[in-house]
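Each remark here refers to the structure printed beneath this line.
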Amino acid sequence: MQQKILYTLFLGVVSACVCAQTISLQRIDTIAVWENNLRLAYPWCGGINFAQFSNADLNFDGVNDIVVFDREGNRILTFCHSGLPSSTQFFPCPEYANAFPDIYGWMLMTDYNQDGKADIFHYWNGGVKVYKQVGNASTGPVFELANEQLKSFYTYSTMPLYISAADIPAIEDIDGDGDLDILTFHFMGGCVEYHKNQSVELYGHADSLIFRLASDNWGLFREGSFSYDIHLNDSCDAPGTPGGWRHSGSTLLAIDIDQDLDKDLVLGDIDGNHLSLLRNDGTSSFAQIGFVDAEFPKNNHSTLPVQLDLFPAAYYVDVNNDNVRDLIVCPNTTDHAETRNSVWHYQNHGTNSQPEFVFMENNFLQGEMIEFGLGAYPVWVDYNLDGLMDLVVGNAYYWNGHAQLALYKNTGTPQQPSFTLITQDYAGLSALQLSHIVPAFADMDADGDMDMLIGDISGYLHYFENIAAVLPGMQALFASPQMQYHQIKEQAYSAPFIADLNGDNLPDIICGNRAGKLNYYQNIGTATNPQFATLPHIANLGGVSVHNPQISNFGHSIPHLFMYQGQWNLAVGSYSGEIAHYYILHDINHQLLDDFTLIQNNMGFLKPGTYSSPALYDINNDGFPDLVTGNRAGGLNLFFGSEGYAGIPLPHIELSSTLWPNPAQESVTIEWPDRLFDMYVYDMAGRLISCKENIFQSNTFSLVSFQSGMYLVRLVSGQYHLFHKLIVQP
């Protein structure tokens with residue numbers, strides 16, 4: 001399954017009008033990657049760190065698919081099931097991820113209105129926002145805002161239903177009346193609140209979201225101030241320690257573990273490394289926890305209890321298409337936990353109301369991805385001089401280890417690349433005990449081979465000379481490193497790239513850093529003896545900055561320069577995950593400009609995750625640059641460049657237009673007040689379907705010849721561009 005994303009490479013800028021030639025970036029998941037003689041099923045899906053799991057039928061084929069929300073970078077990953085009974089075979093379907101709203105904190109999908117479609121519940125502003133699924137087989141998933149912020153009647157008044165961003169609530173039918181209720185910890189922690197849905201009582205159906213606090217001590221227990229310190233038969237008058245309140249940070253899963261028609265609890269804690277089962281010895285209408293099993297699910301058939309590093313959360317989803325929900329466990333933290341083997345999968349050999357969990361693997365989905373733990377910093381290089389570009393990837397570090405370089409040899413052809421893992425510790429860099437290593441390659445000493453430069457968290461650069469013979473097929477061989485190369489030091493998180501930017505045939509260093517800017521170190525040596533001053537020749541090169549103060553105090557710039565149609569372009573990764581694209585780096589005398597031209601804040605309008613790290617090269621020899629980008633989750637996404645127009649940009653201008661009705665069937669009206677404009681309609685494959693020029697203010701056009709589905713409507717008025725999604729229904 002492939003995804004096209006709109007991306008425009010601008011080839012010239014004149015006064016108030018942008019002249020452009022377009023190129024599309026197409027998400028590719030079919031390029032083979034081999035590790036340990038096995039082909040990875042989802043190599044280019046970007047890794048997983050701290051994920052939450054839900055079932056949803058994304059492609060409306062009647063089979064439960066998997067939706068993953070990774071707290072690392074607030075990413076949505078979508079995997080469609082093959083449809084084979086009792087199979088765990090999925091395929092990436094990233095196009096469906098674009099349908100989801102922006103998510104932060106937590107997300108659970110469940111069908112609150114009983115229409116057979118999974119809806120979205122997610123953290124918002126100290127509470128819960130809900131989106132209703134209104135899509136179908138023709139449109140794909142479409143989410144409509146159902147409730148901006150859930151409210152509940154708290155004893156005396158109706159207030160927002162509080163759920164911490166650090167917690168995960170249980171959203172289930174707790175009392176068995178057919179509508180969804182909510183269990184969540186008190187805002188000071190310690191005791192569980194039961195918010196009962198009044199939909200069935202008030203209206204006789206389950207499609208409303210009206211809650212009241214039915215109990216501030218569901219289960220009659222209290223969680224103490226230490227990990228899994230559970231006090232039974234507690235009044236909960238003072239949650240937490242006797243002298244105070246408990247911290248926030250607990251995860252809840254409500255399931256019937258013993259087939260007695262009431263909900264038991266699976267509890268995770270921010271300070272703990274395992275799950276506890278709290279058995280409900282009461283009823284569905286009056287819960288009372290009577291037993292605590294701190295080794296769940298060991299005593300539910302599995303012989304292996306959960307043992308994660310920190311803050312496990314449990315999810316009850318059907319993984320193998322047998323209509324019986326399985327158990328997935330993953331850390332709910334955002335740091336300081338295992339990030340490479342962090343998704344534990346237990347298959348349910350019992351029933352939904354009396355499960356028997358059998359441990360299957362500790363790297364569900366992520367074990368089939370290119371996965372480097374924390375962080376991924378890729379670069380293209382022909383390490384063995386065979387004419388094919390290989391892939392070297394640095395990382396921040398492996399859990400309980402250090403940063404390493406992974407080498408993937410290109411074992412394909414010039415037109416059809418494929419990659420095979422050669423080593424996860426290329427050049428033995430783990431012995432240096434570095435972290436956050438960003439590699440760069442170039443022939444620094446004019447001997448015909450690729451030397452290596454490494455940046456790391458310290459801000460220093462480290463140089464590795466390639467001393468191998470220059471022969472076809474000869475692999476690189478690096479001499480002992482020159483640590484703290486020329487005493488060049490960024491403030492922190494140095495991220496080098498090597499290119500001859502001033503045209504003197506000597507390789508220069510362009511270096512990113514934690515601040516989000518770039519520094520330029522000019523090579524003042526000779527072709528065979530490179531020399532650099534300790535301080536940059538140009539500080540804040542090109543006025544580049546990828547620091548977004550609304551997101552972080554830091555920018556974490558990672559630069560990559562690439563040639564397109566004979567001119568330098570600059571892509572810069574960032575903490576925010578956006579990849580800034582700059583053009584026109586030189587004046588007519590080939591002098592570096594004080595300010596590079598920013599084409600797009602976010603190249604391709606991609607969402608690769610935080611700490612994006614781009615590398616571009618035409619690896620399939622079709623004349624267009626291809627993109628691989630890493631992220632904080634430790635994985636890679638791959639995009640092929642091609643001619644075309646695809647995806648949906650979001651230009652940031654103050655003008656506005658309207659398109660209605662939407663969805664539409666027979667016709668649609670577009671209005672852009674006080675403007676003379678042209679209109680272009682594209683399908684999602686990037687083909688131009690319709691065009692109307694010289695429209696003044698409004699136009700109604702027929703959809704009779706349109707097939708059902710989603711379209712992009714592009715409006716152009718001078719230098720201004722506006723875009724609309726249009727859904728055509730049958």
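Going through the range 597-619 one residue at a time, which ones are assigned to a loop (DSSP other than H, G, I, E, B) and either at pLDDT below 90 or open to solvent by less than 20 Å² (accessible area, probe 1.4 Å) (or both)? Of everything in the range 597-619, those that are assigned to a loop (DSSP other than H, G, I, E, B) and either at pLDDT below 90 or open to solvent by less than 20 Å² (accessible area, probe 1.4 Å) (or both) turn out to be Asn601, Asn602, Leu606, Lys607, Pro608, Gly609, Ser612, Ile619.
Here is a check on your reading of the model: is Ala442 surrounded by fewer than 22 Cβ atoms within 10 Å (Cβ to Cβ) and either hydroxyl-bearing (Ser, Thr, Tyr) or more than 30 Å from Asp622 (Cβ to Cβ) (or both)? No; evaluated as a whole, the condition is false for this residue.
This table checks each residue for (1) polar (S, T, N, Q); (2) touching an Asp or Glu at 6+ places or on another chain (Cβ under 7 Å); (3) in contact (Cβ under 8 Å) with a residue 40 or more places away in the chain; (4) not in a strand (DSSP E or B).
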position	(1), (2), (3), (4)
Phe153	no, no, yes, no
Ala165	no, no, yes, yes
Asp175	no, yes, yes, yes
Asp179	no, yes, yes, yes
Glu193	no, yes, no, no
Leu202	no, no, no, yes
Asp207	no, no, yes, yes
Ala214	no, no, no, no
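Filtered by the rule that a residue be surrounded by fewer than 15 Cβ atoms within 10 Å (Cβ to Cβ) and over 19 Å from Asp674 (Cβ atoms), the range 697-716 gives Ser702, Val704, Ser705, Gln707.
Considering only residues that are touching a residue at least 24 places away in the same chain (Cβ under 8 Å) and of a type in the set (Ser, Thr, Tyr), look in the range 507-526 and name the one that is surrounded by the most Cβ atoms within 10 Å (Cβ to Cβ). Among those residues, the one meeting the criterion is Tyr521. Every residue in the range 301-340 that is in contact with a Gly (Cβ under 8 Å, 6 or more places away or on another chain) and over 22 Å from Asp167 (Cα atoms), please. Hits for the range 301-340 are His301, Asn321, Val324, Arg340. Cβ-Cβ distances below 6 Å connect the following pairs, each with a first residue in the range 54-69 that is over 17 Å from Glu95 (Cβ atoms) and open to solvent by 40 Å² or more (accessible area, probe 1.4 Å), a second residue that is modelled with pLDDT of 95 or more and not aromatic (Phe, Trp, Tyr), and a separation of six or more residues or different chains: Asn64/Asn55; Asn64/Asp318.
Show the residue pairs meeting these rules: Cβ distance below 7 Å; 6+ apart or different chains; first residue within the range 84-104 and on the phi < 0 side of the Ramachandran plot and open to solvent by 20 Å² or more (accessible area, probe 1.4 Å); second residue outside any loop (DSSP other than H, G, I, E, B) and modelled with pLDDT under 90. Pairs that qualify, where the first residue is on the phi < 0 side of the Ramachandran plot and open to solvent by 20 Å² or more (accessible area, probe 1.4 Å) and the partner is outside any loop (DSSP other than H, G, I, E, B) and modelled with pLDDT under 90, are Glu95/Gln3.
Pairs are defined by a Cβ separation below 7 Å, a sequence spacing of at least 6 or placement on different chains, a first member in the range 612-623 that is among the β-branched types (Val, Ile, Thr), and a second member that is in a loop (DSSP other than H, G, I, E, B); the pairs so defined are Ile619/Met389; Ile619/Pro417.
Considering the range 140-174, the residues that are over 15 Å from Glu193 (Cβ atoms) and under 23 Å from the mean Cα position of the chain (by Cα) include one that is surrounded by the most Cβ atoms within 10 Å (Cβ to Cβ), namely Pro141. Checked against (1) within 26 Å of Ala442 (Cβ to Cβ); (2) open to solvent by less than 10 Å² (accessible area, probe 1.4 Å); (3) modelled with pLDDT of 95 or more; (4) in contact with a Pro (Cβ under 7 Å, 6 or more places away or on another chain), Ser574 meets all criteria but (4). The set of residues from the range 482-506 being open to solvent by 50 Å² or more (accessible area, probe 1.4 Å) and more than 30 Å from Gln567 (Cβ to Cβ) comprises Gln482, Met483, Gln484, Gln487, Lys489, Gln491. Evaluation of Phe185 against the conditions (1) surrounded by fewer than 17 Cβ atoms within 10 Å (Cβ to Cβ); (2) out of contact with any His (no Cβ under 9 Å at 6 or more places or on another chain) shows that the sole unmet condition is (1).
Does any residue of the range 508-516 turn out to be at pLDDT 95 or above, assigned to a loop (DSSP other than H, G, I, E, B) and more than 25 Å from Gly630 (Cα to Cα)? No: zero hits. Checking Asn352, Asn321, Asn341, Asn362 one by one, the residue that is in contact with a Phe, Trp or Tyr (Cβ under 7 Å, 6 or more places away or on another chain), open to solvent by 20 Å² or more (accessible area, probe 1.4 Å) and touching a residue at least 12 places away in the same chain (Cβ under 8 Å) is Asn362 and no other.
Tell me yes or no: at least one residue of the range 377-400 is within 30 Å of Ile255 (Cα to Cα) and open to solvent by 20 Å² or more (accessible area, probe 1.4 Å).
No, the range 377-400 contains no residue that is within 30 Å of Ile255 (Cα to Cα) and open to solvent by 20 Å² or more (accessible area, probe 1.4 Å).
Of all residues in the range 118-145, those satisfying the criterion of being in contact with a strand residue (DSSP E or B) (Cβ under 9 Å, 6 or more places away or on another chain) and not in a strand (DSSP E or B) are Ala118, Asn125, Gly126, Val134, Gly135, Ser138, Thr139, Pro141, Val142. Of all the criteria given as (1) more than 17 Å from the chain's Cα centre (by Cα); (2) closer than 20 Å to Asn74 by Cα; (3) modelled with pLDDT of 95 or more; (4) not hydroxyl-bearing (Ser, Thr, Tyr), the one not satisfied by Val358 is (2).
Please tell me if Ala633 is part of a loop (DSSP other than H, G, I, E, B), of a type in the set (Gly, Ala, Ser), open to solvent by less than 10 Å² (accessible area, probe 1.4 Å) and at pLDDT below 95. For Ala633, the condition - part of a loop (DSSP other than H, G, I, E, B), of a type in the set (Gly, Ala, Ser), open to solvent by less than 10 Å² (accessible area, probe 1.4 Å) and at pLDDT below 95 - is not met. Go over the candidates Ala16, Ala32, Ala51 one by one and state the one that is over 28 Å from Met710 (Cα atoms), surrounded by fewer than 19 Cβ atoms within 10 Å (Cβ to Cβ) and at pLDDT 85 or above. None of the others qualify; the one that does is Ala32.
The values are calculated or read from the model by the stated rules, or taken from the named source; none is laboratory data. All values derive from a computational prediction rather than experimental measurement. FYI the Cβ positions are ideal-geometry reconstructions off the backbone, even for glycines, and counts take in every protein chain you see. The accessibility values were calculated without ligands, DNA or RNA, using every heavy atom of the protein model including side chains. Shrake-Rupley method; radii C 1.70, N 1.55, O 1.52, S 1.80 Å.
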